[in-house]
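The values are calculated or read from the model by the stated rules, or taken from the named source; none is laboratory data. Note that the coordinates shown come from a computational prediction; the quantities given were computed from them, not determined experimentally. Here Cβ is always computed from backbone atoms with ideal geometry, including for glycine, and neighbour counts include all displayed protein chains. For accessibility, only protein heavy atoms count, side chains too; no ligands or nucleic acids. Shrake-Rupley method; radii C 1.70, N 1.55, O 1.52, S 1.80 Å.
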Amino acid sequence: MNIEREYSVVGSWEDTNVTLAVLEAYIPRFFTKARQVYYNKTEKFTINNVSHDTHLDEDVEAYLRASFSFEIELYQFIKQRLYKQYIAVHKDEFSP
C-alpha cells in the first residue's frame with residue numbers, strides 16, 4: 001500500500017528504458033528527455049563490466065527464495081506496476 005500511496009513511479013535499472021519512459025510521462029518537470037540524456041551520455045555513467053558467476057546450487061537458491069519470499073513478491077509487484085504504467089503511457093503505440 002505504501003508504494004501505491006507514496007510513490008508515483010518505482011523503477012528498476014534492470015528495465016532502464018521503461019523506467020525512464022514512465023518517469024518522463026509521470027514527472028515531466030524533472031525527467032523531460034531523461035532517455036535522451038541518459039543514452040547520449042551513457043559513456044559518462046559507470047557501467048559494470050565485471051563478469052559474474054550467476055550459478056547457484058539448487059539448495060542455496062531454494063533457501064534464498066524461501067528467505068526472501070516477501071522481497072521477491074514486492075519486486076514482482078513493482079515490476080508489474082511499472083509495466084502497467086508504461087502500457088498506459090504508450091497505449092496508442094499498442095493499438096491496431
request  = Using the structure shown, decide if K91 is at pLDDT 90 or above, under 16 Å from V22 (Cα atoms), among the basic types (K, R) and open to solvent by 70 Å² or more (accessible area, probe 1.4 Å).
outcome  = no
inquiry  = Looking only at residues that are exposed (fewer than 11 other Cβ atoms within 10 Å of the Cβ) and not hydrophobic (A, V, I, L, M, F, W, C) in segment 9-33, which one is farthest from R81 (Cα to Cα)?
reply    = R29
remark   = Taking segment 15-35 and keeping residues of a type outside the set (V, I, T), without any contact (Cβ under 8 Å) to a residue 12 or more places away in the chain and touching a helix residue (DSSP H, G or I) at 6+ places or on another chain (Cβ under 9 Å) leaves E24, F30, F31, K33
ask   = How about segment 1-44: which of its residues are of a type in the set (K, R) and either at positive phi or touching a His at 6+ places or on another chain (Cβ under 9 Å) (or both)?
value = K33
inquiry  = What's the total number of residues in segment 66-88 that are loosely packed, with under 14 Cβ neighbours inside 10 Å and of a type in the set (V, I, T)?
reply    = 2
request  = For segment 48-58, state whether one or more residues are touching a Leu at 6+ places or on another chain (Cβ under 8 Å), hydrophobic (A, V, I, L, M, F, W, C) and modelled with pLDDT under 90.
outcome  = yes
